[in-house]
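This report concerns only the one structure given below.
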Amino acid sequence: MEALLLRSNSEEETIALGVEFAERLRVGDVVALYGDLGAGKTEFIKGICAYFQVEDLVTSPTFTIINQYSGVAVDGSSLKIYHVDLYRIETAEELAGVGFDDMVFSHDAIKLIEWSEKAEHLLPTAHYSVRIMADDENDSHRTIEITAPMTDKQGHVS
């Protein structure tokens, strides 16, 4: 599948791109985010959460590992969003200890996972991949590469 390449020149633009991306998300979806420290993963997630009308302050759960937010789905129903930060996770035991496996396969929430490379072996085959890369020349410019999961003819993720 071909990747969608986007450009951002500021934190505000990264948030706005997150809002635009969120339009395609459905309950049960997993979004794996990749990028160096400070690349803009949390800013992108702030945009996703803004789209779903999350009222909580959206911050990276570096120490709590998993934040749960309440949002509003497109149809007006309540929506659960898990925001996961695996930066401090070092072992499979730690991953299991925070309930990652149960969370990532829950069908009643959208899951947004920073530092996904630490749990690649546990991610469902069908997930969005978002890579955020800073330009070498200008630290405020970002390239955001989004790869969508495969879908069937009805548009369901396969």
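Can you tell me the FRET efficiency between LEU122 and THR147 if r is taken as the Cβ-Cβ distance and R0 is 25 Å, rounded to the nearest 0.05? It would help to have the intermediate numbers written out before the result.
On the way: r = 18 Å, r/R0 = 0.73.
For R0 = 25 Å, the calculated efficiency reads 0.85.
For segment 12-128, what log10 I(q)/I(0) values come out of the Debye formula at q = 0.17 1/Å, with one point per alpha carbon and no solvent?
The computed values of log10 I(q)/I(0) come out as -0.78.
If I take every Cα pair under 8 Å that is 6 or more residues apart in segment 75-122, average their sequence separation and divide by the length, what percent do I get for the relative contact order?
Values: 42 pairs, mean separation 26.4, N = 48.
It comes to 55 percent, rounded to a whole number.
List the aspartates and glutamates whose Cα sits under 13 Å from the Cα of LYS111, skipping any in the same chain fewer than 8 residues away.
ASP29, ASP85, ASP101, ASP102
For n ≥ 4 DSSP H runs only, could you compute -39500 (n - 2.57) per run for the chain, divide by its residues and tell me the 222 nm figure to the nearest 500? Show your work: numbers first, answer last.
Numbers: 4 runs with 34 residues, N = 158.
Rounded to the nearest 500, the figure is -6000 deg cm²/dmol.
Figure the gain on full extension for THR62 and ARG26 (residue separation times 0.36 nm, minus the Cα-Cα span) and round it to one decimal in nm. Don't skip to the end; give the middle numbers.
Working: separation 36, 0.36 × 36 = 12.96 nm, distance 2.51 nm.
That works out to 10.5 nm of additional length.
Compute the label zone of ARG88 within segment 5-49: residues whose backbone N is under 15 Å from the point 7 Å along Cα-to-Cβ.
Zone members listed by number: none at all.
Got the relative contact order for the chain handy, in percent, Cα pairs under 8 Å and 6 or more residues apart?
Relative contact order comes out at 32 percent.
Hey, rough spin-label estimate for ASP108 and ALA16, points 7 angstrom out along Cα→Cβ, what's it come to in nanometres?
Here the modelled spin labels are 3.7 nm apart.
With a point put 7 Å past each Cα toward its Cβ, work out how far MET133 is from LEU37 in nm, to one decimal.
2.1 nm
Read-outs: derived from the displayed coordinates by stated rules, not from any lab. Keep in mind it's a predicted model, so treat the numbers as computed, not measured. Heads up, the Cβs are rebuilt from the backbone with ideal geometry, glycines too, and the neighbour counts pull from every protein chain shown.
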